[in-house]
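Input: a single structure, listed below in structure tokens.
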Amino acid sequence: PYCASSLTPIKNSRNLLQRHIRNHNDNGDGLIADAISKLSRCINLVKTAESLDVLRGYEGDSASIYFGCFNFLITSQKEDFIMNGRTKRPPLDFVNALLSFIYMLLVNDLRSAMETTGLDPQVGFLHRLRPGRPSLALDLMEEFRAYIADRVALNLINLKQINKHDFEIRETGEIRISDKGRKEVLVAYQKKKDEIIEHPFLGEKTTVGLLPHIQAMLLARYIRGDINEYPPFYIK
């Protein structure tokens, strides 16, 4: 299911940018609209990818496009929360530190969901296999990155539920969230998980917190041959 799983994260990222323009009437001097157009082109390219390596390249390009205009989605505390590209190991600014922590929470939820449905979280389709890395959980996290994690991060910043004093700067330049900051994030993350939505494939009401278990279940059913296609999570 790697092609569908690659399309969905790009679509969800594009949708978050489109949602920002609708809600804030802010086009970021045209850069957000340009990013949306580029992501649309990436979607078309993914559909024609002839190998997994080419597919990974398109995914990397789309991530760079998306995070390249992430600063325009930040509407308050702009002087403190500036993203200088996506940095992971270690995160080098407050935005990256916040995103990395929320992504970790999401991956842990997905790992748990996979284990309860009999899937091995280490064996992925898109992320290369590495000892100790939950590659399959990372694959599925891409579906939820924009819809869950990025929205939580942006709300925390834009609603001033977290500020620069909730972070610690190490001598190496690495930035970590403080204990107080983690508590704020956990509250916001749980609040997001409590939201009720209609699942786009099942057509039934569920909570955001159950989405990892639902998608893991659907993936397990696809692998077993119970359904013909894996329906990745995409919702406008």
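The values are calculated or read from the model by the stated rules, or taken from the named source; none is laboratory data. As the structure is a computational prediction, the values presented were derived from the model and not from experiment. In this analysis, Cβ positions are derived from the backbone assuming ideal geometry, glycine residues included, and neighbour counts consider all displayed protein chains. Please note that ligands, DNA and RNA were not included when accessible areas were found on the heavy atoms of the full protein model with its side chains. Shrake-Rupley method; radii C 1.70, N 1.55, O 1.52, S 1.80 Å.
Among the conditions (1) farther than 28 Å from residue 167 by Cα; (2) touching a residue at least 12 places away in the same chain (Cβ under 8 Å); (3) open to solvent by 20 Å² or more (accessible area, probe 1.4 Å); (4) part of a helix (DSSP H, G or I), residue 115 misses just one, which is (2).
Go through 168, 142 for me and flag whichever is in contact with a Ser or Thr (Cβ under 9 Å, 6 or more places away or on another chain) and within 16 Å of residue 107 (Cα to Cα). Break it down into steps so the answer makes sense when it comes.
Details: 168 fails: within 16 Å of residue 107 (Cα to Cα).
Matching residue, one of 168, 142: 142.
If you go through the range 93-112, how many residues are more than 20 Å from residue 151 (Cβ to Cβ) and surrounded by fewer than 19 Cβ atoms within 10 Å (Cβ to Cβ)?
Quick first cut of the range 93-112, residues more than 20 Å from residue 151 (Cβ to Cβ) only: 111-112.
Cutting the leftovers down to surrounded by fewer than 19 Cβ atoms within 10 Å (Cβ to Cβ) gives us 112.
Qualifying residue count for the region: 1.
Selection of the range 155-167 for residues being crowded, with 21+ Cβ neighbours inside 10 Å and assigned to a helix (DSSP H, G or I) yields 156, 157. Summed over the range 17-59, the residues that are closer than 25 Å to residue 125 by Cα, among the aliphatic types (A, V, I, L, M) and modelled with pLDDT of 90 or more give a count of 1.
Quick check: anything in the range 4-16 basic (Lys, Arg), surrounded by 14 or more Cβ atoms within 10 Å (Cβ to Cβ), over 30 Å from residue 225 (Cβ atoms) and touching a helix residue (DSSP H, G or I) at 6+ places or on another chain (Cβ under 9 Å)? Yes, some residue in the range 4-16 is basic (Lys, Arg), surrounded by 14 or more Cβ atoms within 10 Å (Cβ to Cβ), over 30 Å from residue 225 (Cβ atoms) and touching a helix residue (DSSP H, G or I) at 6+ places or on another chain (Cβ under 9 Å). Among the candidates 58, 66, the residue that is buried (at least 17 other Cβ atoms within 10 Å of the Cβ), under 19 Å from residue 235 (Cα atoms) and among the aromatic types (Phe, Trp, Tyr) is uniquely 66.
When residue 197 is tested against (1) assigned to a strand (DSSP E or B); (2) open to solvent by 40 Å² or more (accessible area, probe 1.4 Å); (3) of a type outside the set (S, T, N, Q), just one condition goes unmet, and that condition is (2). Could you say which residue among 75, 87 is within 22 Å of residue 175 (Cα to Cα) and open to solvent by 40 Å² or more (accessible area, probe 1.4 Å)? On inspection, the qualifying residue turns out to be 75. Checked against the criteria, residue 192 counts as under 30 Å from residue 56 (Cα atoms), charged (D, E, K, R), without any contact (Cβ under 8 Å) to a residue 60 or more places away in the chain and touching a helix residue (DSSP H, G or I) at 6+ places or on another chain (Cβ under 9 Å).
With the structure loaded, tell me whether residue 23 is closer than 20 Å to residue 152 by Cα, open to solvent by 60 Å² or more (accessible area, probe 1.4 Å) and polar (S, T, N, Q) or whether it fails that test. Here the answer is yes, as residue 23 does meet what is asked.
Residues of the range 28-85 that are farther than 28 Å from residue 156 by Cβ, among the acidic types (Asp, Glu) and part of a loop (DSSP other than H, G, I, E, B): 50 alone.
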